[in-house]
Each structure stands twice: as structure tokens, then as C-alpha cells.
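A quick write-up on the structure given underneath.
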Amino acid sequence: MTSVRIGVLASGRGSNLRTLVERGYRVAALATNRPGCGAAAFARERGLPVGEFSQRRFASSEERDVAMRGWLRAKDVELVANAGYDRILSPAFTAAFAGRILNLHPSLLPAFGGTMQAAGQALAAGVEETGCTVHLVTDDVDAGPILLQARVPVLRGDTVETLRARIQAEEHRILPEAIDLIAQTSASLRQ
Ligand code: GRF
């Protein structure tokens, strides 16, 4: 397992953050735009630094991202894992961590990209399988180079909740794997 210092961005429940921490990954910081979210509560409980970047505190998304970038750098974050962060990152942020930001998306991209409701959309579309993707973040939403994907069947009688739970079980497997992969292959992380 890699010892790179990971900064997690999250806005939701935080099950992926919890998985990383419980598997021993070195989560150096959690940045969130929703200080009341489950991910922030978990990070506080574990004594991890929590950076609060609610949009209303900033005049623009760019200002928010410049502040978040500075905060993560001050925590010596080497790799950013976007796990349920519900804002689009501005170029000021993506350029600073180019090739070192992973995004987790609950579909087999490019299918059902650009939405947080990918599981519901897959169900509504009647597809037989969906899944999840970890990809590198570029300035095109949900379109950077894919690192890993996992397939999940859509079963008869599935609800959004049951399908989402099956997808999340796979997310908890491939996000750590993708972090190991990028840590091994990225020269800037091996120095
Ligand atoms: C995941 O399903 C991820 O694919 C999506 O947001 C969800 C975050 O889940 N981008 P959690 O907050 O880690 O439980």
C-alpha cells in the first residue's frame, strides 16, 4: 500500500473516506463544501484536519478553489481523491494537481456521466449492467483518462438504493486500488 499523503474531497456520506482510513491509507486532510456532511463528521471523529469551503463564503468557485488548493498544499497533500464531491473543480485547482486528482463516479463512464444521479439514471434506462469508474480529473467533467472500472449487474427488483449499495461495494474496492496504481505509476509521487 502506498504512503502518499491523500487529500479527500467529499460532500456526502463519506463511506469511501471511511474505507480509505480503515484500510490504513494516509488521509492527510478532508476538504468539503458541506461542513455538516457525514464525511466531515467522520473526519472530525478520527481527528483528521477538516477544511470547510462552503461556496457562500467565497465570491466565486475560482476563489473557493484557490483557497482549497492552498489549504491542501499546506497539509502537504500529494494526491487528491474526489469521493462524492458535488462541485466542479475550476482550472486553478485542477492545474495545481494535474495528473494527481482522482474522481470516483458511480457508472461505467462514458455512460451516465455529468450527474450525481447515475444509479437512478441507469435504472431508468433499463440497462442490464452498470458499475463505477475511477478516472483522472481533467477540465472536462467525468471525461479524464480512466484508471479502473468495475461492473455491477442491475437485478430485477432493484431500487436506486439497492443498486447504489451494490455499486458502492465496488467503489470501496477500486478507489484504493486506483490510488495504489497512480502512486506506483506517477513519477511525481515517487520522488
Ligand atoms: C459515490 O457513489 C461516488 O461515486 C459519488 O458520490 C458517492 C460518494 O459516496 N461521486 P460516499 O460519500 O463516499 O459514501
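The values are calculated or read from the model by the stated rules, or taken from the named source; none is laboratory data. Worth saying up front: this structure is predicted, and the values here are computed from it rather than measured. All Cβ positions, glycine included, derive from the backbone under ideal geometry; neighbour counts span all protein chains shown.
Checked against (1) away from the ligand (no atom under 16 Å from the Cβ); (2) without any contact (Cβ under 8 Å) to a residue 24 or more places away in the chain, R5 passes all but a single condition, namely (2). Of all positions in segment 83-91, at least one carries a residue that is surrounded by fewer than 20 Cβ atoms within 10 Å (Cβ to Cβ) and of a type in the set (V, I, T).
Within segment 90-112, the set of residues being within 16 Å of the ligand (Cβ to nearest atom), in a loop (DSSP other than H, G, I, E, B) and polar (S, T, N, Q) comprises S107 only. Among the residues of segment 1-29, those that are closer than 18 Å to L181 by Cβ and either of a type in the set (A, V, I, L, M) or modelled with pLDDT under 95 (or both) comprise M1, T2, S3, V4, I6, V8, L20, V27. Set side by side, the residues A95, A59, A74 differ, and just one is closer than 19 Å to V27 by Cα and surrounded by fewer than 18 Cβ atoms within 10 Å (Cβ to Cβ), which is A74.
In segment 141-166, the residues that are under 20 Å from I179 (Cβ atoms) reach residues that are among the acidic types (D, E) and within 14 Å of the ligand (Cβ to nearest atom) with C-beta atoms within less than 7 angstrom, at least six apart or across chains, in these pairs: A150/E170. Only residues that are within 15 Å of N16 (Cβ to Cβ) and away from the ligand (no atom under 12 Å from the Cβ): list them for segment 148-177, please. Scanning segment 148-177 gives L148, R173, P176, E177. Go through the residues of segment 121-131 one by one and say whether even a single one is over 23 Å from R5 (Cβ atoms), part of a loop (DSSP other than H, G, I, E, B), at pLDDT 95 or above and within 16 Å of the ligand (Cβ to nearest atom). Within segment 121-131, none of the residues are over 23 Å from R5 (Cβ atoms), part of a loop (DSSP other than H, G, I, E, B), at pLDDT 95 or above and within 16 Å of the ligand (Cβ to nearest atom).
Within segment 141-150, not a single residue is surrounded by 14 or more Cβ atoms within 10 Å (Cβ to Cβ) and more than 15 Å from L104 (Cβ to Cβ).
Quick check on segment 96-115. Is at least one of its residues touching a Phe, Trp or Tyr at 6+ places or on another chain (Cβ under 6 Å) and either of a type in the set (D, E) or at pLDDT 95 or above (or both)? Steps first, answer last, please.
So the first thing to find is which residues in segment 96-115 are touching a Phe, Trp or Tyr at 6+ places or on another chain (Cβ under 6 Å), and the list is none.
Scanning segment 96-115, I find no residue that is touching a Phe, Trp or Tyr at 6+ places or on another chain (Cβ under 6 Å) and either of a type in the set (D, E) or at pLDDT 95 or above (or both), so the answer is no.
Residue under question is I179, and the condition is that it be in contact (Cβ under 8 Å) with a residue 40 or more places away in the chain, buried (at least 19 other Cβ atoms within 10 Å of the Cβ) and in contact with a Phe, Trp or Tyr (Cβ under 8 Å, 6 or more places away or on another chain); does it hold?
Working: in contact (Cβ under 8 Å) with a residue 40 or more places away in the chain: yes; buried (at least 19 other Cβ atoms within 10 Å of the Cβ): yes; in contact with a Phe, Trp or Tyr (Cβ under 8 Å, 6 or more places away or on another chain): yes.
For I179, the condition - in contact (Cβ under 8 Å) with a residue 40 or more places away in the chain, buried (at least 19 other Cβ atoms within 10 Å of the Cβ) and in contact with a Phe, Trp or Tyr (Cβ under 8 Å, 6 or more places away or on another chain) - is met.
Y85 falls short on exactly one of the conditions (1) touching a residue at least 60 places away in the same chain (Cβ under 8 Å); (2) within 30 Å of R156 (Cβ to Cβ); (3) not in a strand (DSSP E or B), and that condition is (2).
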